[in-house]
Each structure stands twice: as C-alpha cells, then as structure tokens.
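The values are calculated or read from the model by the stated rules, or taken from the named source; none is laboratory data. Computed from a predicted structure; not experimentally measured. We place every Cβ from the backbone using ideal geometry, glycine too, and count neighbours over all the protein chains shown. Keep in mind that these areas ignore ligands, DNA and RNA; they rest on the heavy atoms of the full protein, side chains included. Shrake-Rupley method; radii C 1.70, N 1.55, O 1.52, S 1.80 Å.
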Amino acid sequence: MAGRRSLAIEHPIDTDDGAVPAAIRRFLRNRLMEFLGFLCFALCLGVGVALATWSPTDPSLSRAVDGDPQNLLGYPGAVISDQLMQMFGLGVIAVIALPLLWSMRLMTHRPIIRPVRSFFAWILFVIAFSAFLAMMPAPSAFALEAGLGGQTGEVLKSALLAVLNLGFKGFFASVVAAALVGAGAVLTGANAAGLSRS
C-alpha cells in the first residue's frame, strides 16, 4: 500500500497544466495590444485635430506673434501642427495614415508585421510622399512657401532634379522624378502597411 502511495506521488496523473497559463498569456497579450492600439489611435487623433485646426497665423516656434492660437489644442497643438506642416506640407497625411492603420490592427488583436521594418518603411513613405507632392504645382492661395510637400519634399525634389537634369531636360526630368518618388511612396507605404507583393 505504501509503495502504491509513493508511486502515485512520484508519478501523478498527467493533466493539461499548460492550458491555464496559455489562456492567461493570451488574455494579457490581447489586453496589451488593445492598450497600445488605443494609445496609438489617441495620439493619431490628437495630431489629426491639431493639423485640422492648423492656422498659419498661430504663434509657434517659427512665428512669434501675439494673441491666442486658434488651434483646438492650444499652443502645443499650434506648435506641433506648424512644425509638421513646415516639414512635410500635405505629406502629413502620410504621417498619421499608417499609425492609424497600425492602431486598428492592434485593437483587433492583429500584430504589426515586422514592426522595425514597418517603422523605417513608414519614415521613407512620408519622405517619398512629401517629395511626390512637391512635384505638384501649389495653388497661389496655399499658405506654405515651401509648397505642397513642405521643406522635406522640396529638398528631395531639388536633389533628384539636380541628378536627373544631367541626362534629362526640363519637363521630362520632372515627369521622371515624379514617377520615381510616386513609385517609392507606393512601395514603402505598402511595405509599412504589411501588404504582400502580390
């Protein structure tokens, strides 16, 4: 009898002990992804509100004027939106578009595919998209002197045209440059969004 008891202690009946820890890990992982997704969404929403209420007459780091800012987020919103607009122009659409997509993925428990690679692809997407917009003529009423692509777009546009003008001339060089940065924006944007080559 004692032998059987000791045998039972030494060799307990096998049970699925991994089921509960796995469920707990899955629960914690899903809550963490939801939290990160909501945090990313809230950040995108805040930046979006700041950009939507951006005014070139608001006080900011590059503009010392008196008066209260018209931005809904006050002076911080005026500073953030003005810096982003100066840097990327309408390319700010790319700044918040992909993080918004990532937040949706996280809140629905779908991880970001290759997060480090996606992050750097997002940076390149913003730059390429701004450069593509810089190739487009800006309306006369546009508030930024740098053009539709902001300062980043203008810098890349100037550098690219300087190289292309060695082999192409005038309008044709601009068309080739727009095609290159447009294709670059599509490829890097798709890569950052986790889309397959197909």
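Can you tell me which residue among Arg110, Arg105 is among the basic types (Lys, Arg) and either part of a helix (DSSP H, G or I) or surrounded by 18 or more Cβ atoms within 10 Å (Cβ to Cβ) (or both)? One residue alone meets the criteria, Arg105.
Listed by first and then second residue, the pairs with beta-carbon distance under 7 Å, at least 6 apart or on different chains, first residue in segment 34-48 and open to solvent by 100 Å² or more (accessible area, probe 1.4 Å), second part of a helix (DSSP H, G or I), are Phe38/Met107.
Working carefully through the options Ser55, Ser62, find the one that is of a type in the set (Gly, Ala, Ser), under 21 Å from Gly150 (Cβ atoms) and open to solvent by 40 Å² or more (accessible area, probe 1.4 Å). After ruling out the rest, the residue left standing is Ser62. I'm trying to understand the selection: among the residues of segment 140-169, which are of a type in the set (Gly, Ala, Ser) and open to solvent by 50 Å² or more (accessible area, probe 1.4 Å)? Scanning segment 140-169 gives Ser140, Ala141, Ala143, Ser158, Ala159, Ala162, Gly167. Selection of segment 175-193 for residues being open to solvent by 30 Å² or more (accessible area, probe 1.4 Å), small (Gly, Ala, Ser) and either under 14 Å from Gly153 (Cα atoms) or not in a helix (DSSP H, G or I) (or both) yields an empty set. Residue count for segment 98-130, restricted to those that are touching a residue at least 60 places away in the same chain (Cβ under 8 Å) and under 20 Å from Ala178 (Cβ atoms): 4.
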